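What follows is one structure encoded as structure tokens, with my remarks underneath.
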Amino acid sequence: VKVISYSPQGIWNQLYLALIAFALCTWVRLQAKTNKTTWDILQLIRMYATHPWKEMVRAMQRLPTRKSKGRQRLQKPREPMPVLKKWMSR
């Protein structure tokens, strides 16, 4: 967090502005009935500040594009070839 002013009044102003921004992002998230987090909504507001409201709503409803299956299991090691089995048993 970058402090704009070190005076007590400047600190209070920055605190109030942060609370207002959080409340507005939460309100937008609840009105849009989206699964995105408040932080995601803040980022969308920053990106779509100069665009029409409909574009931002469309972006809020967009599903994530990641197709990750999560952590994959390791494959079982293969059995050694019969020739190697004979050689390893000596």
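The values are calculated or read from the model by the stated rules, or taken from the named source; none is laboratory data. Bear in mind that the values here come from a model prediction, so they are computed numbers and not experimental data. Neighbour counts run over all protein chains shown; Cβ positions are idealised from the backbone, glycine included. All accessible areas refer to the heavy atoms of the entire protein, side chains included, with ligands and DNA or RNA removed. Shrake-Rupley method; radii C 1.70, N 1.55, O 1.52, S 1.80 Å.
Extending 7 Å from the Cα toward the beta-carbon at both residue 75 and residue 57 defines two label points whose distance is 5.0 nm.
Fully extending the segment from residue 23 to residue 40, taken as 0.36 nm per residue of separation minus the present Cα-Cα distance, adds 4.7 nm. Of the chymotrypsin sites (Phe, Trp or Tyr not before Pro) found in the range 1-31, the ones in coil according to DSSP and having at most 16 other Cβ atoms within 10 Å of their Cβ are 6.
Normalised by 2.2 N^0.38 Å, where N is the number of residues, the alpha-carbon radius of gyration of the range 20-77 equals 1.58.
Greater than 25 Å separation of Cα atoms is the criterion. Which listed pairs, 2/33; 2/54; 33/54, meet it? Long pairs (Cα-Cα over 25 Å): 2/33; 2/54. Counting protein heavy atoms only, the range 1-51 has 67 percent of its accessible area on carbon and sulfur, 1.4 angstrom probe. Projecting the Cα atoms of 4, 27, 15 onto the charge dipole of the range 2-55 (Cβ charges, centred on the Cα centre) puts 27 farthest toward the positive pole.
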